[in-house]
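Enquirer: I am attaching a structure below and will ask some questions about it afterwards.
Taken together, the values in this text are just the output of simple stated rules run on the coordinates, not laboratory data. These numbers were taken from a predicted model, which means no experiment stands behind them. Here the Cβ positions follow ideal geometry from the backbone for every residue, glycine too, while neighbour counts run over all protein chains shown.
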Amino acid sequence: MIKAILIFNNHGKPRLIRFYQYFAEDMQQQIIRETFHLVSKRDDNVCNFLEGGSLIGGSDYKLIYRHYATLYFVFCVDSSESELGILDLIQVKLNYSLCSASPQVHYILQEVVMGGMVLETNMNEIVAQVEVQNRMEKSERKDQVKHFSKYVDQA
């Protein structure tokens, strides 16, 4: 099971943080700092798997990560997850999707992972669902503008 997805830049500034296990806010911040410290000090030519930090479960958990340009993509997972499966998810699906459609990062992530479980890996299905969400939002905005215009006209 996925316990957390952390995306941060080369300086450790979080870009997207999603925890699927409850941690208090201060503990989340410590986990982010510890995780950044663990992955940022590693060479780019070493394995992308390592034992989780002491704060997120120690040896029972793994950090699976990739470093692309200015971003670190880190998945904190338990032993039931496949390292290669998660690495493939990062490399093929998330990196492309998250970097190319940054305003829609949360929608894409919601389509791929829910409650710590990978639900969807078919990019066509993910893109289709994100497009449906975008159409719904545009429709809602139009309705809000119409409603507001009627209200202003009546005043």
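Enquirer: Quote to one decimal, in nm, the extra length available between LEU50 and ASN9 on full extension: 0.36 nm per residue of separation minus the C-alpha distance between them.
Expert: 12.8 nm
Enquirer: Right, here's the next one. Please compute, over every Cα-Cα pair in region 1-85, the percentage with a separation greater than 17 angstrom.
Expert: For region 1-85, the fraction of Cα-Cα distances above 17 Å is 39 percent.
Enquirer: Could you order peptides 132-144, 22-34 by the average number of other Cβ atoms within 10 Å of their residues, highest first?
Expert: 22-34, 132-144
Enquirer: Also: Put a dot 7 Å past each Cα toward the Cβ at GLN144 and GLU125; how far apart are the dots in nm?
Expert: Modelled inter-label distance: 3.1 nm.
Enquirer: If you take the beta carbon distance between VAL132 and TYR20 as r and set R0 to 30 Å, what does 1/(1 + (r/R0)^6) give as a FRET efficiency, to the nearest 0.05?
Expert: Rounded to the nearest 0.05, the efficiency is 0.80.
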